[in-house]
Number of protein chains: 2
Amino acid sequence: MHLDRVFRALGDPTRRAVVSRLTAGPTAVSELARGSKMALPSFTQHLDVLERCGLVRSRKVGRVRTYRLVPQPLKTAERWMAQQRALWERRLDQLDSYLLELKEETK
Amino acid sequence: MHLDRVFRALGDPTRRAVVSRLTAGPTAVSELARGSKMALPSFTQHLDVLERCGLVRSRKVGRVRTYRLVPQPLKTAERWMAQQRALWERRLDQLDSYLLELKEETK
């Protein structure tokens, strides 16, 4: 499932740093790699993981490969979290009303 | 880092289903396992992953172990995503104003 790969891709600090970096706009691999202390082949593997799950897309022009962020998967993941929070908060509200009722009854 | 483990824990459909289930309130293992077609030992491993990253907490009373959701890690992960979206949207706004300026200049 799509969310599986997106969440797993985000479970790594190097990959999250790339995502953050790309919010500022498309960036060349060399530029992205400069921010990391990793060897280029390892760094490239992280970019591959991000591209396979759809979080980024790359394009090669001449000898320069440039990455850009694809916001949709991030939005889908964020929505899943927001849904859980909404369910959780609704439950707290229900507990709250229940406690208020109990209080009223014991008055 | 904390976010690493939280995102990786969420990168699995069984574990996400447990999180969703627990938004409705604390639930016993047997009850949680009923929703899954997995053997109990495998299912328990998923619960362990969730507990180790702090997304859930368990308590044993007599012979019954009950799990509950801990909302803080979910909130932290959601906040990270919201930050990326905000940065991304700010960039789009800037692009937008830039294009408008260009249009004005070429009028």
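All of the numbers you see were taken from the coordinates with simple rules; none came from a lab. Note that the structure is a prediction, hence the values are computed from the model and not measured. Quick reminder, even Gly has a Cβ in these numbers, built from the backbone with ideal geometry, and neighbours come from all protein chains shown.
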Report the charge-dipole magnitude of the range A:1-41 in Debye, nearest 20, computed about the Cα centre from +1 at each Lys and Arg Cβ and -1 at each Asp and Glu Cβ. 80 debye
With each label point set 7 Å from Cα along the Cα-Cβ vector, what nm distance links B:ARG63 and A:VAL70? 5.1 nm
Step through the residues of the range A:16-27 one at a time and calculate ³J(HN,Hα) from phi using the Karplus curve (6.51 cos²θ - 1.76 cosθ + 1.60, θ = phi - 60°), rounding each to whole Hz and writing x for Gly and Pro. 5, 5, 5, 4, 4, 4, 6, 5, 7, x, x, 9
What shape does the protein assembly as shown take by its C-alpha gyration tensor, where a ≥ b ≥ c are the square roots of the eigenvalues and a/c under 1.5 counts as rounded, a/b above b/c as prolate, and the rest as oblate? oblate
For chain B, find the longest principal axis of its Cα atoms and tell me its angle to the long axis of helix B:40-52, 0 to 90°, nearest 10. 50 degrees
Mind listing the long-range amide H neighbours of B:VAL56? Cut-off is under 5 Å, sequence gap 5 or more, other chains count too, H placed in the peptide plane at 1.01 Å from N. B:GLU51, B:VAL70
Say each of B:LEU87 and B:SER42 gets a label point 7 Å from the Cα, pointing the same way as Cα to Cβ; how far apart are those two points in nm? 3.8 nm
Starting from the Cα of B:LYS75, draw a straight line to each of the lysines and keep only those under 20 Å, dropping any in the same chain fewer than 8 residues away. A:LYS75
So for each of A:90-100, A:42-52, A:7-17 I average, over its residues, the number of other beta carbons within 10 Å; can you give me the resulting order with the highest mean first? A:7-17, A:42-52, A:90-100
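Report the charge-dipole magnitude of chain A in Debye, nearest 20, computed about the Cα centre from +1 at each Lys and Arg Cβ and -1 at each Asp and Glu Cβ.
Working: 21 positive and 12 negative charges, 192 e Å.
The dipole magnitude comes to about 920 debye.
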Every other copy gets compared here: list the nm distances from the B:GLN72 label point (7 Å along Cα to Cβ) to its counterparts, shortest first, one decimal. 3.7
Measure nothing fancy, just the Cα-based angle from helix B:71-105's long axis to the longest principal axis of chain B, in degrees from 0 to 90, nearest 10. 10 degrees
Tell me the distances, shortest first, between A:GLN83 and the same position across the other copies, using label points 7 Å along Cα→Cβ, in nm to one decimal. 2.6
Inter-copy distances for A:ALA39, label 7 Å out on the Cα-Cβ vector, sorted ascending, nm, one decimal, are 3.9
Dipole size in debye (nearest 20) for the protein assembly as shown around its Cα centre, Lys and Arg Cβ +1, Asp and Glu Cβ -1? 760 debye
D for the range B:21-107, whole µm²/s, Stokes-Einstein with Kirkwood Rh over alpha-carbon pairs at 25 °C and 0.890 mPa s: what number? 149 µm²/s
